[in-house]
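Data block below; observations after.
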Amino acid sequence: MVRGDSSPQKPLSRRPPGHSEDYEEPCPLRGRAGGEHTMIRIAHLTAVTCAVLGTLALGTAQAAAPKDGTFTGVGQGRNGDISVEADFKAGKLTAVRVVKHGETVGISDAALKDFPAAVVANQSLKVDAVTGATMTSEGLRTAITAAITAAGGDPGAFMIVPAKKAAAKDIEKKADLIVVGAGGSGISAAVKAESLGADVILIEKMPVIGGATALNAGTLIATGSRYQREVMKETKDSPELAAKDMFLVGKNKNDPVLVKTVTERVGGVVDWLIDDLKIPYGPAATQYPDHSANRQLGVTGRSVNYLKLMREKFEGMGGEVMLQTRAETLIQDAQGRVVGVKAKGPNGETVTLTAKGVILASGGFGAVKDMLPKEMSNYVFYGLDSETGDGWKMATSIGAATTNMDLVKMYPQGVETIPGHGLAATASSTDTMKKTGAIYVNVKGERYVDENAALGVLTDATVAQPDHIAYIVMDENAWKAYVAKSMEDKLVPSPEALDQWTKIVNNGKPVMVVSKSLEEAAKTMGIDPKGLAATVKHWNEMVAAGKDADFGRKLSGGLATDGTWRIVEQKVRYQTTLGGLKADADLRIVDKAGKPIPGLYGAGCVVGGANGADSLTALMNSWAIVSGVVSAETAVKDAGIK
């Protein structure tokens with residue numbers, strides 16, 4: 001039996017862009033039979049649509065009141081199903097509890113807590129989504145709608161638009177420095193500046209800190225650090241060698257000034273983090289092959305833990321964090337110096353912050369499609385909807401120069417679990433290739449690359465394939481490795497969540513297929529069955545001969561000739577933009593004449609050029625942290641703070 005589009009359970013159908021979203025089951029107009037704890041699933045159907053259909057089918061203008069008791073519902077979040085329990089009494093929704101989810105820790109925390117509370121407080125499904133967690137919020141909305149229906153209620157009765165709160169009093173504050181954006185670069189800048197004696201206010205438009213950094217593994221290069229020399233026993237690395245690697249992967253489109261900054265300064269930053277701040281770094285769990293030296297570090301608990309620890313240190317030193325505060329414009333004095341920002345607070349109030357300098361650490365613009373190259377429509381976005389280029393817009397409005405705006409960081413091995421959005425399965429695929437005989441093939445069933453090549457090579461090779469898509473072909477042994485790494489890397493919450501991929505269909509093709517027959521699996525995935533069978537036979541013959549004569553891959557076994565096969569799509573994915581504001585070696589933002597704009601500094605993805613056309617593994621996060629530290633040191637020095 002093949003599990004994919006012929007699974008006994010109806011697959012979750014996906015339609016091409018421009019069509020309405022499909023759903024797994026018809027809208028449950030009256031819910032299912034059963035009493036308390038009835039389970040209803042509504043996937044990818046808006047609460048409004050379901051409510052309208054329900055009212056029409058019932059043929060009554062009077063809304064049905066939900067029964068007393070506890071009822072459950074499920075909705076599709078960013079990473080998979082979100083299950084809730086909802087309590088009802090006397091027709092009112094009295095409580096909502098999230099009982100199961102696979103959402104990203106840090107990014108989704110506020111939505112999982114605040115969205116259900118807002119629905120209960122307002123007795124309305126029409127509360128706003130939580131900023132930066134739209135997909136999680138919509139999944140919760142769908143799940144709560146399902147629970148209302150399961151209770152015999154009419155979701156239309158919970159469609160009252162909540163009354164708008166009166167705007168709070170405007171806020172005015174002063175500090176030495178304002179840091180805009182509390183992701184990896186912003187929190188690093190804030191901690192460094194505070195440690196140097198500055199009074200710092202860190203603002204973040206989302207209800208949680210982290211930004212795009214919260215999605216990554218927390219890797220960092222150790223070039224030039226004490227830790228690299230003494231613990232990693234690497235003595236041949238150097239800033240020059242790291243720079244060479246960066247230019248090679250970046251296709252020589254890197255800004256040499258910024259490459260020099262990050263490679264020469266990273267060692268001191270690593271020593272500061274490990275020796276002074278006691279941030280728990282060690283050798284990275286997955287060592288990628290695009291480095292010429294042993295230099296890849298990883299933080300315990302991934303970037304989520306780094307952010308948590310750095311926030312604790314920042315606030316412990318007296319720094320102030322202002323969440324749900326979105327910077328809108330830069331404030332300049334009569335001489336053109338940037339002396340603060342104007343922002344909007346959580347309740348619509350105007351927040352005016354004045355300072356001796358402003359560090360923009362507000363991230364990239366990956367979520368703004370009209371700012372991206374047209375070709376990106378072929379690929380899967382795995383970032384956050386908060387990546388809207390706010391800092392770029394503010395700085396360019398006062399004359400800041402830009403660079404590399406046509407470049408976006410792309411990765412291979414994406415899995416499209418929601419239309420247009422995907423998971424970053426790179427660690428799972430990479431580890432599986434190193435340990436087993438799994439292979440990558442295209443729609444013709446042909447291998448096209450050394451599966452252990454650097455990520456940039458894999459990305460370019462995937463882009464060059466028909467339909468810009470590839471597939472990982474795994475036997476039972478390879479699947480065990482894939483599952484193990486997925487659990488270690490927290491790609492999904494459980495092995496069962498991976499099995500759910502067989503039910504997701506994008507444009508007629510499942511994300512994953514499971515079958516005892518290789519040919520049937522290929523046919524289901526839209527791969528040439530004969531081509532794949534011939535490729536597997538040829539691959540096993542080369543393994544038996546002890547050499548990959550086609551692409552020179554280091555052998556780690558062949559594929560089985562029987563048992564269960566699994567094939568998983570491998571799509572090009574993107575999140576991080578590589579272009580942005582132009583900065584000098586000390587992270588001062590410069591104007592179109594190349595002169596620094598007084599009082600304005602940048603860090604992280606808002607600054608373009610460091611990584612060129614592609615980034616060396618671990619360099620996006622390394623750039624975020626190092627540029628944050630350097631920008632803070634420069635801003636403190638320029639402000640004369642001692």
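The values are calculated or read from the model by the stated rules, or taken from the named source; none is laboratory data. These figures come from a predicted structure and were not determined experimentally. Glycine gets a Cβ as well: all are built from the backbone with ideal geometry, and neighbour counts include every protein chain shown. Please note that ligands, DNA and RNA were not included when accessible areas were found on the heavy atoms of the full protein model with its side chains. Shrake-Rupley method; radii C 1.70, N 1.55, O 1.52, S 1.80 Å.
Does the range 458-492 hold any residues that are hydrophobic (A, V, I, L, M, F, W, C), in a helix (DSSP H, G or I), free of Cβ contacts under 8 Å to residues at least 60 places away in the same chain and surrounded by fewer than 21 Cβ atoms within 10 Å (Cβ to Cβ), and which are they?
Passing the criteria: A461, A481, V483, A484, M487.
Counting only residues that are open to solvent by 20 Å² or more (accessible area, probe 1.4 Å) and either among the hydroxyl-bearing types (S, T, Y) or at negative phi (or both), give me the strands (runs of 3 or more DSSP E) lying completely in the range 264-331 with at least 1 of them.
281-283, 320-322
Do the conditions hold for I597, that is, is it closer than 28 Å to G414 by Cβ and either in contact (Cβ under 8 Å) with a residue 12 or more places away in the chain or under 29 Å from the mean Cα position of the chain (by Cα) (or both)?
It is false that I597 is closer than 28 Å to G414 by Cβ and either in contact (Cβ under 8 Å) with a residue 12 or more places away in the chain or under 29 Å from the mean Cα position of the chain (by Cα) (or both).
Here are the criteria: (1) under 28 Å from the mean Cα position of the chain (by Cα); (2) under 28 Å from T286 (Cα atoms); (3) surrounded by fewer than 24 Cβ atoms within 10 Å (Cβ to Cβ). Tell me which single one P239 does not satisfy.
Against the list (1) under 28 Å from the mean Cα position of the chain (by Cα); (2) under 28 Å from T286 (Cα atoms); (3) surrounded by fewer than 24 Cβ atoms within 10 Å (Cβ to Cβ), P239 comes up short only on (1).
When the residues of the range 107-126 are narrowed to those that are aliphatic (A, V, I, L, M) and surrounded by fewer than 15 Cβ atoms within 10 Å (Cβ to Cβ), which ends up farthest from the chain's Cα centre (by Cα)?
So, considering only residues that are aliphatic (A, V, I, L, M) and surrounded by fewer than 15 Cβ atoms within 10 Å (Cβ to Cβ), the one farthest from the chain's Cα centre (by Cα) is A121.
Within the range 338-380, restricting attention to residues that are acidic (D, E) and without any contact (Cβ under 8 Å) to a residue 60 or more places away in the chain, which residue is surrounded by the most Cβ atoms within 10 Å (Cβ to Cβ)?
So, considering only residues that are acidic (D, E) and without any contact (Cβ under 8 Å) to a residue 60 or more places away in the chain, the one surrounded by the most Cβ atoms within 10 Å (Cβ to Cβ) is E375.
Kindly list the number of the only condition in (1) modelled with pLDDT of 95 or more; (2) in a helix (DSSP H, G or I) that fails for V514.
Status for V514: all satisfied but (2).
Give the residue that is nearest to F365 (Cα to Cα), with candidates limited to residues of the range 556-580 that are open to solvent by 10 Å² or more (accessible area, probe 1.4 Å) and small (G, A, S).
Checking each candidate, the answer is S556.
Could you go through the range 171-184 and let me know if any residue there is basic (K, R) and more than 30 Å from L619 (Cβ to Cβ).
Among the residues of the range 171-184, at least one is basic (K, R) and more than 30 Å from L619 (Cβ to Cβ), which makes the answer yes.
In the range 70-106, which residues are open to solvent by less than 10 Å² (accessible area, probe 1.4 Å), within 22 Å of P207 (Cα to Cα), out of contact with any Lys or Arg (no Cβ under 7 Å at 6 or more places or on another chain) and not small (G, A, S)?
If the condition is that a residue be open to solvent by less than 10 Å² (accessible area, probe 1.4 Å), within 22 Å of P207 (Cα to Cα), out of contact with any Lys or Arg (no Cβ under 7 Å at 6 or more places or on another chain) and not small (G, A, S), then I82 is the only one that fits.
Name every residue in the range 188-213 that is open to solvent by 10 Å² or more (accessible area, probe 1.4 Å) and either out of contact with any strand residue (DSSP E or B) (no Cβ under 6 Å at 6 or more places or on another chain) or of a type in the set (A, V, I, L, M, F, W, C) (or both), in order of residue number.
Passing the criteria: K192, S195, L196, G197, D199, E204, P207, V208, I209, A212.
For the range 215-234, give me each residue that is open to solvent by 10 Å² or more (accessible area, probe 1.4 Å) and not acidic (D, E).
Across the range 215-234, the qualifying residues are L215, N216, A217, T219, G224, R226, Y227, R229, V231, M232, K233.
Take the range 242-263 and flag every residue that is surrounded by fewer than 18 Cβ atoms within 10 Å (Cβ to Cβ) and either assigned to a loop (DSSP other than H, G, I, E, B) or hydrophobic (A, V, I, L, M, F, W, C) (or both).
F247, L248, K251, N252, K253, V257
Quick one: is E488 modelled with pLDDT of 95 or more, within 26 Å of G563 (Cα to Cα) and out of contact with any Lys or Arg (no Cβ under 7 Å at 6 or more places or on another chain)?
Taking the combined requirement at face value, the residue does not satisfy it.
Answer yes if at least one residue in the range 159-172 is in a strand (DSSP E or B), open to solvent by 10 Å² or more (accessible area, probe 1.4 Å) and modelled with pLDDT of 95 or more, and no otherwise.
Scanning the range 159-172 turns up at least one residue that is in a strand (DSSP E or B), open to solvent by 10 Å² or more (accessible area, probe 1.4 Å) and modelled with pLDDT of 95 or more.
Which of the residues spanning the range 440-457 are touching a Ser or Thr at 6+ places or on another chain (Cβ under 7 Å) and under 24 Å from K530 (Cβ atoms)?
V441, G445, E446, R447
Is the range 410-426 home to any residue that is within 30 Å of A639 (Cβ to Cβ), open to solvent by 40 Å² or more (accessible area, probe 1.4 Å), outside any helix (DSSP H, G or I) and not charged (D, E, K, R)?
no
Does L587 qualify as being modelled with pLDDT of 95 or more and either crowded, with 20+ Cβ neighbours inside 10 Å or of a type in the set (D, E, K, R) (or both)?
Judged against the criteria, L587 is a match.
Restricting to the range 493-506, count the residues that are in a helix (DSSP H, G or I), over 20 Å from the mean Cα position of the chain (by Cα) and of a type outside the set (K, R).
5
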